[in-house]
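Below is one structure; the comments refer to it alone.
Nothing in this text is a laboratory measurement; each read-out follows from the coordinates by a stated rule. Since the structure is predicted, the reported quantities are computational estimates derived from the model, not experimental observations. As a convention, Cβ positions derive from the backbone with ideal geometry for all residues, glycine included, and neighbour counts pool all protein chains shown.
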Amino acid sequence: MAAQPALDPLKSYLATISEYSTPRVQFYYSSLPSRKHSNPTGYSGAISWWRKTLVDLVARGLLSDDKLLIHVDEELREKLRWDKAGRPSSLGVIVAELAQTSDLVPTVTYLSSPEPQTLSVVSLLARPFWWGLSRIWGSSRSIEYGEAADEKEWVRRQGDYVVPDLVERAVSSLLPKLPDLHADALSRLYTVKSFQEKLGSLCLPNVKLSERDCEVLAGYLSKQGHCAFDGKVIKFAPPLSDPASSSSLTITDADRSTITLLTTLATLSASITSLESRIASEQAQFAGYASEKRMELAKAHLISRKRAEKLLEERAGQRTKVQEVVWAIERAIGDEETMSALSLGTSTLRTILSSPTLQLDNIESTTSLLDETLISAQTVNEAVDSVSAPLAREVEDEVDAELRELVEAEKRKEGEEEERKEKERVEEAAKKLEEATKVPATAEKREESAERQEEREKALA
């Protein structure tokens with residue numbers, strides 16, 4: 001049975017977008033410039049739809065390995081090909097419009113900008129519809145809308161673009177996770193590759209950023225003051241530090257040397273893992289040939305295993321030495337940070353203590369003045385109390401009298417309640433006694449009646 005061809009993830013996802021199952025997709029794939037003035041509402045809707053669709057496809061990694069950048073080229077047009085609709089005719093014009101609103105920014109422009117690009121697609125979509133129309137009617141004259149506009153704009157707009165909205169999403173997702181990952185100084189140092197390996201999967205849902213994405217993201221973070229980035233080394237600020245105060249964060253030669261050591265350590269660890277796998281493989285082949293009595297081949301694999309074991313021993317020793325150096329550096333950096341904090345604390349405390357308010361003479365005079373003020377306040381309080389004392393006693397007598405009345409009234413109420421309950425108990429007992437006396441009387445009457453009947457019968461006899 002022939003193997004089924006693998007499904008194209010991009011085509012599978014496009015099939016889930018509602019417009020791709022309706023004739024509307026043919027309008028979106030058609031030539032749009034001619035509709036700019038004849039059907040401005042439809043034109044605006046098409047641009048908005050392409051904005052949302054392209055950003056979504058980039059974020060999911062369905063157009064390339066990059067999740068923050070889009071590559072506008074012939075391959076992109078071919079990837080977007082759809083049955084009955086073909087390839088999008090106006091992709092160049094669409095890219096031009098998105099570049100005009102900064103939904104897409106040429107990568108070179110984005111990286112060279114001194115300030116981070118913060119205009120997001122979410123903010124654009126939240127604007128009123130008339131704003132979108134005004135942007136269209138007032139679009140830059142640099143965009144072609146006449147005859148052959150599709151092809152002209154396509155030639156002009158090919159290249160790599162950053163999607164600023166996705167960069168902002170990645171930053172918003174990553175920053176809250178960094179404090180737990182950057183407890184010590186060495187953990188805050190990265191190469192672009194180690195950044196991608198350790199943090200690339202923490203930025204957007206269900207995808208991992210490419211190294212190119214990480215370069216763009218690191219550049220954005222450095223412009224915001226969260227890290228320093230020189231194109232190769234990334235150095236993050238300490239956790240919970242103010243980005244505004246981290247503007248002086250720099251990458252030193254010591255940082256680059258430390259990164260080299262960390263890279264060497266990672267390389268040695270990978271080499272050790274590879275050697276361990278090779279030793280296991282050579283041992284298995286040696287055992288297999290030995291059991292088959294093929295001693296020459298068994299001997300060859302035994303020699304290879306011995307060599308690998310010796311090399312493994314050397315690599316393990318090298319890793320131990322490098323690890324010791326890294327630990328020493330980590331401790332030294334920690335000590336330096338601690339001493340810097342103590343030095344800052346000392347200077348701060350000295351500045352506070354040098355305040356005129358905390359001088360000994362000022363403290364003594366302030367204390368004396370406070371004592372005098374308290375004595376004066378006490379005198380005033382006593383004078384006021386002496387004036388208000390009779391009134392206070394009168395009020396107190398009235399309160400006591402009212403409390404006594406309340407207590408006596410409560411006692412009377414309790415006595416009346418007890419008297420009522422006692423009366424009810426007496427009446428209940430009398431009622432029960434009366435009912436008990438009725439029963440014997442009735443029995444006596446019946447007995448007397450029976451005797452009389454018996455006497456009558458005897459008389460008649």
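When averaged across all projection directions, what area in nm² does the alpha-carbon convex hull of the chain cover? For the Cα atoms of the chain, the hull's average projected area reads 74.6 nm².
With an a/c value of 1.5 or above and a/b larger than b/c for the gyration tensor axes a ≥ b ≥ c computed over the alpha-carbon atoms, segment 253-348 is described as prolate. Using the average count of surrounding beta-carbon atoms within 10 Å as a protection proxy, the listed peptides 264-276, 159-171, 187-199 rank, highest first, as 159-171, 187-199, 264-276. Going by a ≥ b ≥ c, the root eigenvalues of the Cα gyration tensor, does segment 293-442 fall in the rounded group (a/c under 1.5), the prolate group (a/b larger than b/c) or the oblate group? It comes out oblate by the Cα gyration axes. What separates the Cα centres of segment 199-265 and segment 20-44 is a distance of 43 Å.
Averaging the sequence gap over all C-alpha pairs within less than 8 Å and six or more residues apart, then dividing by the number of residues, gives the chain a relative contact order of 11 percent.
Remark: segment 256-268, residue by residue, has Karplus-estimated 3J(HN,Hα) of 5, 5, 5, 4, 4, 5, 5, 5, 4, 4, 5, 5, 5 Hz, where x stands for each Gly or Pro and the curve is 6.51 cos²θ - 1.76 cosθ + 1.60 at θ = phi - 60°.
Quick one: if the Förster radius is 45 Å, what FRET efficiency do THR348 and THR379 give, using the C-beta to C-beta distance and rounding to 0.05? That pair, THR348 with THR379, gives E of 0.60.
Please find the FRET efficiency linking SER241 to SER113, where r is the Cβ-Cβ separation and R0 is fixed at 25 Å, and quote it to the nearest 0.05.
0.55
Computed from label points 7 Å out along Cα-Cβ, the spacing between GLU372 and GLU451 is 11.8 nm. Between the helical axis of 295-353 and the longest alpha-carbon principal axis of the chain there is an angle of about 60 degrees. Each of CYS227, CYS203 was scored by other Cβ atoms within 10 Å of its Cβ. Arranged with the fewest first, they read CYS203, CYS227. Per-residue ellipticity at 222 nm from helix content only, as computed over the chain with -39500 (n - 2.57) for each DSSP H run of at least four residues, stands at -23500 deg cm²/dmol.
3J(HN,Hα) along segment 150-166: 4, 6, 4, 5, 4, 5, 6, 9, 5, x, 9, 10, 8, 9, x, 4, 6 Hz, from the Karplus curve 6.51 cos²θ - 1.76 cosθ + 1.60 with θ = phi - 60°, whole Hz, x for Gly and Pro.
Within the straight-line cut-off of under 26 Å between alpha carbons, the lysines reachable from LYS306 are LYS293, LYS321, sequence neighbours fewer than 8 places apart in one chain being disregarded. Applying the Karplus relation 6.51 cos²θ - 1.76 cosθ + 1.60 with θ = phi - 60° to segment 18-27 yields 3J(HN,Hα) values of 4, 5, 6, 9, 10, x, 4, 4, 5, 5 Hz, where x marks Gly and Pro.
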